[in-house]
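Peer 1: One structure is given below, represented as structure tokens, and several questions about it will come after.
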Amino acid sequence: MKNLFLAAAFILCFKSYSQTQPFPANKTYVNGLMAASKNSQDVTDSYTTWKTNFVETCNNGRYRVKNGTNPSSQTFSEGIGYGMLLSAYMADKTLFDGLWLYYKDNVNGNRVMNWRINGCSGTDGANGATDAELDAAFALIVADYQWASAGTINYKSDAQTLITAIKTHEVEANTFVLKPGDAFGGSQITNPSYFSPAYYRAFGTFTNDTSFWNSVASKAYTVINSNLTQNNAVGGLVSDWCEASGNYSSEANGYANQGKTYTYDAARTPWRIAVDYLWYGTTAAKTYSEKSSDFVRLTLGGTANIKDGYNQNGALIGQWHNAPFVGAFACAAMGGGNQAHLDASYTDLKNLNEPGNYFNHTLKTLYLLALTGNFYLPPNATLSNNDFELEKSAITLYPNPSNDKFTVSAPEKSLISIISPQGNIISEQKTTSETTEINLANHSSGLYLIKITSDNKSITKKVILK
């Protein structure tokens with residue numbers, strides 16, 4: 001009896017720490033190029049440095065990300081969002097949970113985190129910064145995929161709640177313009193580097209609200225393209241801040257260069273837009289990525305010549321060669337169509353060494369995740385939550401795991417859809433009997449989803465192909 005108890009305890013313990021996708025995932029995106037020398041060890045090394053230098057323990061299982069400068073006692077909501085993305089993809093559950101608990105400890109009345117905190121507690125800058133909310137919400141979706149939502153934190157419910165808060169307080173009513181915070185902005189001032197159209201598409205699916213979030217994604221490209229056109233920009237050099245019309249904003253006077261240049265805000269834009277191409281193949285994202293990549297490859301003469309700031313006409317105003325700029329342009333190169341340039345860009349980023357700079361090193365680590373196939377779209381963000389209504393007792397699937405073939409027992413005339421680890425539907429078939437054989441022998445190993453639809457109800461099951 002004692003042995004049985006110990007065995008049961010072991011199983012429960014193992015289950016509580018199990019995960020769907022250990023690092024590294026090393027996925028190949030459906031769209032875009034991959035660097036020939038990509039190596040997940042580069043991510044591991046960068047993450048270890050980031051965690052050592054910028055993560056600090058607070059009380060009650062909370063963690064924060066130190067700003068690192070001006071002074072290190074400060075915590076930015078941006079850093080918590082970045083940290084949640086990093087820890088979710090690195091399968092670092094303890095850190096992820098601690099960062100999310102810290103986020104929730106420091107929210108305002110709209111349930112978004114105050115943008116600047118003194119150390120472990122104490123608001124020093126009130127109200128939200130939308131990029132932090134977007135990163136945190138998507139990280140919760142990844143966490144729901146990684147660890148499910150049956151434990152002490154319901155990642156799915158928390159993601160849905162935060163996405164609703166973003167929709168309600170950080171998207172301008174009736175225009176679909178992303179506000180830079182819950183307490184200001186909209187058509188009169190917005191920040192293109194916050195635009196995350198790939199996230200929006202995932203939010204729409206995850207919350208059964210695709211029409212709204214697709215409209216926010218579409219508006220992002222309208223604003224970006226207007227900004228480039230209105231200001232005769234070279235390549236993809238958007239300004240740090242602008243109006244929804246694309247013109248410079250009179251409300252940006254307090255920001256660097258009145259928000260009119262491509263500096264440390266705008267530098268992140270090629271990364272965020274490239275992800276929309278890698279995950280979804282969005283034409284507008286590919287066009288923007290090509291513009292950004294060609295600016296570096298053709299106008300600058302290569303990645304080694306990147307500096308940290310430009311006027312929109314391409315005139316140099318920066319002086320430093322660093323990760324926020326190099327890495328974002330490297331991500332754009334994944335959609336740029338030139339393998340040699342992508343390879344050089346990856347090597348350039350990998351060799352940059354700024355371990356004491358919070359912003360630069362954090363972004364370097366995030367960019368490396370994307371460049372190595374470890375910043376992926378999880379399958380739970382490709383299926384609506386309405387896809388789990390069919391009576392589970394009517395469905396069986398075996399063996400699982402399998403080396404090649406699965407047998408599905410489901411009602412006759414059901415539709416069976418097979419979804420790849422990258423979230424793509426690779427086959428669909430109607431059942432002609434109550435048992436159907438699925439042969440995945442010609443596909444790579446990994447986690448697949450099998451969606452069975454019958455009488456307008458459906459259920460999705462996970463299977464592992466060895």
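Peer 1: Against the empirical 2.2 N^0.38 Å scaling, what ratio does the C-alpha Rg of the range 112-201 come to?
Peer 2: On the way: Rg = 13.9 Å, N = 90, 2.2 N^0.38 = 12.2 Å.
For the range 112-201, the normalised Cα radius of gyration comes out at 1.15.
Peer 1: Using a 1.4 angstrom probe on heavy atoms only, work out the carbon and sulfur share of the accessible area of the range 27-66 in %. Working shown, then result.
Peer 2: Numbers: 780 of 1960 Å².
Of all accessible area on the range 27-66, carbon and sulfur atoms account for 40 percent.
Peer 1: With +1 on each Lys and Arg Cβ and -1 on each Asp and Glu Cβ, how big is the dipole of the chain about its Cα centre, in debye rounded to the nearest 20?
Peer 2: Details: 35 positive and 37 negative charges, 142 e Å.
The calculation lands at about 680 debye.
Peer 1: Still on this structure, please answer the following. Between Ile317 and Gln258, what is the FRET efficiency for a Förster distance of 22 Å, r being their Cβ-Cβ separation, to the nearest 0.05? Kindly include the intermediate steps, with their values, before the conclusion.
Peer 2: On the way: r = 13 Å, r/R0 = 0.59.
Once rounded, the FRET efficiency stands at 0.95.
Peer 1: Among Tyr248, Thr460, Ser211, which residue has its Cα furthest toward the positive end of the charge dipole of the chain, with +1 on Lys/Arg Cβ and -1 on Asp/Glu Cβ?
Peer 2: Thr460
Peer 1: Around Gly302, what is the net charge, scoring Lys/Arg as +1 and Asp/Glu as -1 over all other residues with Cβ under 12 Å from its Cβ?
Peer 2: Values: positive: Arg297; negative: Asp294, Asp343, Asp348.
My count for the surroundings of Gly302 gives -2.
Peer 1: Moving to a separate point now. Explain nothing, just the number: dipole magnitude of the range 250-396 about its Cα centre with +1 on each Lys and Arg Cβ and -1 on each Asp and Glu Cβ, in debye rounded to the nearest 20.
Peer 2: Numbers: 10 positive and 12 negative charges, 71 e Å.
With Lys and Arg at +1 and Asp and Glu at -1, about 340 debye.
Peer 1: Rounded to the nearest whole Å², what accessible area per residue is found for the chain with the 1.4 Å probe? Walk me through the numbers on the way to the answer.
Peer 2: Details: 18680 Å² over 466 residues.
That works out to 40 Å² per residue.
Peer 1: Around Leu369, what is the net charge, scoring Lys/Arg as +1 and Asp/Glu as -1 over all other residues with Cβ under 15 Å from its Cβ? Walk me through the numbers on the way to the answer.
Peer 2: Details: positive: Lys27, Lys38, Lys51, Arg268, Arg272, Lys350, Lys364; negative: Asp42, Asp45, Asp92, Asp135.
After counting each charged neighbour, the total is +3.
Peer 1: So between Ser427 and Ala304, what do we pick up on full extension, going 0.36 nm a residue minus the alpha carbon distance? Numbers along the way, then the final one.
Peer 2: Values: separation 123, 0.36 × 123 = 44.28 nm, distance 4.38 nm.
Once the chain is fully extended between Ser427 and Ala304, it gains 39.9 nm.
Peer 1: Return a whole-number percent for the relative contact order of the chain, with Cα pairs under 8 Å and 6 or more residues apart as the contact set. Intermediate values should be presented prior to the final figure.
Peer 2: Numbers: 959 pairs, mean separation 66.6, N = 466.
Once normalised by length, the contact order is 14 percent.
Peer 1: Can I ask one more? Simple spin-label model, 7 Å along Cα-to-Cβ: Phe184 to Asn247 in nm?
Peer 2: Taking the simple label geometry, Phe184 and Asn247 are separated by 2.0 nm.
Peer 1: Just to confirm a number: summing +1 for Lys and Arg and -1 for Asp and Glu over residues other than Tyr280 whose beta-carbon lies under 15 angstrom from that of Tyr280, what do you get?
Peer 2: Details: positive: Lys27, Arg201, Arg272, Lys286; negative: Asp276.
Around Tyr280, the surrounding residues sum to +3.
Peer 1: Within the range 83-112, which residues have the backbone N less than 18 Å from the label spot 7 Å out from Thr168 along Cα→beta-carbon, could you tell me?
Peer 2: 104-112
Peer 1: I'd like the accessible area for Leu278, computed on protein heavy atoms only with a 1.4 Å probe and all protein chains in place. Round to 10 Å², please.
Peer 2: 10
Peer 1: Continuing with the same structure: What distance in nm separates the two pseudo spin-label positions at Ala150 and Asn351, each 7 Å out from Cα along the beta-carbon direction?
Peer 2: About 5.0 nm, to one decimal.
Peer 1: Which of Lys93/Lys451; Lys350/Lys405; Lys93/Lys430 have a Cα-Cα distance over 32 Å?
Peer 2: Details: Lys93/Lys451 28 Å; Lys350/Lys405 41 Å; Lys93/Lys430 39 Å.
In this structure, Lys350/Lys405; Lys93/Lys430 lie more than 32 Å apart at Cα.
Peer 1: Highest first, please rank the peptides 268-276, 100-108 by the mean number of other Cβ atoms sitting within 10 Å of their residues. Can you show the working numbers first?
Peer 2: Working: 268-276: 28.2, 100-108: 19.8.
Ranked from most to least packed, the peptides come out as 268-276, 100-108.
Peer 1: Could you give the distance between the Cα centres of the range 269-326 and the range 169-213, to the whole Å?
Peer 2: Each part's Cα centre sits 23 Å from the other's.
Peer 1: Highest mean first, how do 42-54, 320-332 rank when packing is the count of other Cβ atoms within 10 Å averaged over residues?
Peer 2: Most protected by this proxy first, the peptides run 320-332, 42-54.
Peer 1: At 222 nm, what value in deg cm²/dmol follows for the chain if DSSP H runs of at least 4 each add -39500 (n - 2.57) and the sum is divided by all its residues, to the nearest 500? Present the calculation step by step, with values, prior to reporting the outcome.
Peer 2: On the way: 13 runs with 183 residues, N = 466.
Computed ellipticity for the chain at 222 nm equals -12500 deg cm²/dmol.
Peer 1: Report in % the part of the accessible area of the range 86-172 that belongs to carbon and sulfur, leaving out ligands and nucleic acids; probe 1.4 Å.
Peer 2: Details: 1210 of 2700 Å².
About 45 percent, which is the carbon plus sulfur part of the accessible surface.
Peer 1: A follow-up question, please. Could you look at the range 206-274 and say what percent of its accessible area is carbon and sulfur, using a 1.4 Å probe and all protein chains? All intermediate terms of the calculation are to be shown ahead of the outcome.
Peer 2: On the way: 1000 of 2440 Å².
Carbon with sulfur: 41 percent of the solvent-accessible area.
The values are calculated or read from the model by the stated rules, or taken from the named source; none is laboratory data. These numbers were taken from a predicted model, which means no experiment stands behind them. All Cβ positions, glycine included, derive from the backbone under ideal geometry; neighbour counts span all protein chains shown. Note: accessible area is taken over every heavy atom of the protein model, side chains too, but ligands, DNA and RNA are not part of it. Shrake-Rupley method; radii C 1.70, N 1.55, O 1.52, S 1.80 Å.
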